[in-house]
Amino acid sequence: EKPASRNFIQQAIDADRAAGRFDRRVHTRFPPEPNGYLHIGHAKAICLNSGLAREYQGKFNLRFDDTNPAKEEQEYVDSIQDDVRWLGADWQDRLFFASDYFDQLYAWAVKLVEAGKAYVCDLDGEQMRAYRGTLTEPGRDSPFRGRTVKENLDLLARMKAGEFPDGARTLRAKIDMASPNVNLRDPVMYRIKHAHHHRTGDTWSIYPSYDYTHGQSDSIEGITYSICTLEFENHRPLYDWFCKELGIHHPRQIEFARLNLTYTVMSKRKLLQLVQEKHVAGWDDPRMPTIRGLRRRGYTPDSIRAFCERIGVARQDSTIEMLWLEDAVREHLNDTAPRRMAVLRPLKVVLTNLGETETIDCTLPNHPQKPELGERAVTLTRELYIEQDDFMEEAPKKFFRLKPGGDVRLRGAGIITCDEVVKDKSGEVTELRCTFDPDHSRKVKGTIHWVSAPLALDAQVRLYDHLFKVENPDAAPEGKTFLDNLNPESLETLTAKVEPSLAKEQGGERFQFERLGYFYTDPIDSKPGHPVFNRTVTLRDAWGK
Ligand code: ATP
Ligand code: MG
Ligand code: MG
């Protein structure tokens, strides 16, 4: 494999280092807003930021961007930390909260007011939009833009003291109402909001905007590279303006394209809607693109990191095929998951030449290429189950599994010949009567999996398909929403017959069920002696790769 080429962010960092732009080590951060669970798009940002810190022997912070009291909760703060840690991104002792900077941010706001760079404005939201103008039309100055420093300081102090109702006034940066960049037309720095904050309680009745908070938080923490998604590109001049006017350490903002995946949605608002309206069982439903969901599906941190590495970073928005994510976990589990046998749709087979209580001990490797994973004993009995699909009464020539009069190999046991097909009144095949031949050396084309009927364990198995039935669920026709694109067949629950050795699993183990895919013992629903299996991914993708 040829070494991966440097992406545009690495190139920018290399150039800065060569030019001695920062007098400190590379320092990145992941800045989630604690208003939902993380999704695979966030995983990309986490891998990117923590990966750069590792590569350049720098530092990586986890910072909660918790400036919006209305939508944020401790539950999200906890789950986000757990997911970031699970992904293997280590922030060590560098866990921060933007809300810890509220005092400093306020002090800086006072400084900007004193310098004549910020003012208190009494326009309401609608008026402010009207004054702001459009892309093609310059804005107009707010009638409050000319307030004196003294008046502004007084009003700001009273906003902070909670004297005014929600939305009555804002603090705005005084920049340029004619700027071609609408973000520079006197953006809001503070809003009045009498709301309880999950960390600062009722201390504050004004809250800083994203634009006024983000760069300064980066600056306080000594971040060098503030890596964010493309929609912030035209906020960068504002990011730079605040750092420059305040004369503080000035990180470099670099934008990259956000990750979009086929057959799913990635906005927290939509994911929340799926949960609240019970289209899924929760944030950790294995069909969700959340880290929680992927974890419960059986994805490994390695596979998600490998996926993020493989898709790379770009400056152009694009949508990545879900197949790539599935391939990443398939590859990792192919290497690491022990093999077991399970039958999803059982068809009974009777080996007529074995005695009622006769047993034959078979030894199967846990992994065909990895002897170090050991072996296990599997017992063959007179009655067993095979997959309904593995028998065909009127089989085409190329069908190498079991057919009347035909032979097939039972994995690890021997060869059986189908002598008789038993049917019920409706013509449904209910049983096959076969002869067993322990001689392995005979040549037969097909090998199938099986489990002993009296010894098998009944286990619930969940098979998943895409949560949405179209590649781009967000593109819904007039009058429809993404919800109309939900796939009604995204979950199938079966009672399977599995190897009895699986009875001891506690939840959290990963296996390949031979010929069926990779399965994960559900860590929540599995009970002692009753494992529940979620299919992580099939063995091959739909293209038979
Ligand atoms: P959403 O739009 O899903 O609500 P967000 O960007 O508002 O996401 P944040 O909690 O603010 O969510 O995101 C934290 C970080 O993760 C930000 O730096 C953001 O740029 C990054 N991020 C969010 N979504 C993606 C994505 N799909 N691909 C890459 N990075 C993302
Ligand atoms: Mg955000
Ligand atoms: Mg958002």
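The values are calculated or read from the model by the stated rules, or taken from the named source; none is laboratory data. A quick note: this is a predicted structure, and the numbers were derived from the prediction, not measured. Ideal geometry is used to build each Cβ from the backbone, glycine not excepted, and the neighbour counts take in all protein chains shown.
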> Which is of a type in the set (Gly, Ala, Ser) and assigned to a helix (DSSP H, G or I), of 51, 36?
Replying inline: 51
> Quick one: how many residues across the stretch 5-44 are out of contact with any helix residue (DSSP H, G or I) (no Cβ under 9 Å at 6 or more places or on another chain) and either near ligand 1 (Cβ under 10 Å from one of its atoms) or under 18 Å from residue 90 (Cα atoms) (or both)?
Replying inline: 1
> Among 67, 28, which is the only one that is touching a residue at least 12 places away in the same chain (Cβ under 8 Å), in the same structural domain as residue 105 (by TED's automatic domain parsing) and assigned to a strand (DSSP E or B)?
Replying inline: 28
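Somewhere in the stretch 79-88, is a residue within 24 Å of the chain's Cα centre (by Cα) and closer than 26 Å to residue 174 by Cα?
no
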> Inside the stretch 1-39, can you point out the residues that are more than 16 Å from ligand 2 (Cβ to nearest atom) and among the hydrophobic types (A, V, I, L, M, F, W, C)?
Replying inline: 4, 8, 9, 12, 13, 15, 18, 19, 22, 26
> Which members of the stretch 420-445 meet the condition of being at pLDDT 95 or above and either touching a Cys at 6+ places or on another chain (Cβ under 6 Å) or under 21 Å from residue 516 (Cα atoms) (or both)?
Replying inline: 432, 434
>> If a residue counts only when it is within 38 Å of the chain's Cα centre (by Cα) and within 22 Å of residue 237 (Cα to Cα), which helices (runs of 4 or more DSSP H) contained entirely in the stretch 99-196 have at least 1 such residues?
In response: 102-114, 125-132
> Only one of 222, 215 is touching an Asp or Glu at 6+ places or on another chain (Cβ under 9 Å) and either small (Gly, Ala, Ser) or crowded, with 23+ Cβ neighbours inside 10 Å (or both); which?
Replying inline: 215
> Quick check, is residue 252 surrounded by 16 or more Cβ atoms within 10 Å (Cβ to Cβ) and more than 22 Å from residue 189 (Cα to Cα)?
Replying inline: no
> Got a number for residues in the stretch 456-473 being surrounded by fewer than 17 Cβ atoms within 10 Å (Cβ to Cβ) and either hydroxyl-bearing (Ser, Thr, Tyr) or under 22 Å from residue 262 (Cβ atoms) (or both)?
Replying inline: 5
>> Please go through (1) touching a helix residue (DSSP H, G or I) at 6+ places or on another chain (Cβ under 6 Å); (2) surrounded by 15 or more Cβ atoms within 10 Å (Cβ to Cβ) for residue 437 and return the number of the only condition it doesn't satisfy.
In response: (1)
> Which condition number does residue 421 fail, the rest of (1) more than 25 Å from residue 377 (Cα to Cα); (2) in a loop (DSSP other than H, G, I, E, B) being met?
Replying inline: (2)
> Looking only at residues in the stretch 225-236 that are surrounded by 17 or more Cβ atoms within 10 Å (Cβ to Cβ) and not in a strand (DSSP E or B), which one is nearest to ligand 2 (Cβ to nearest atom)?
Replying inline: 232
> So, in the stretch 360-397, of the ones that are within 34 Å of the chain's Cα centre (by Cα) and within 19 Å of residue 457 (Cβ to Cβ), which residue ends up surrounded by the most Cβ atoms within 10 Å (Cβ to Cβ)?
Replying inline: 387
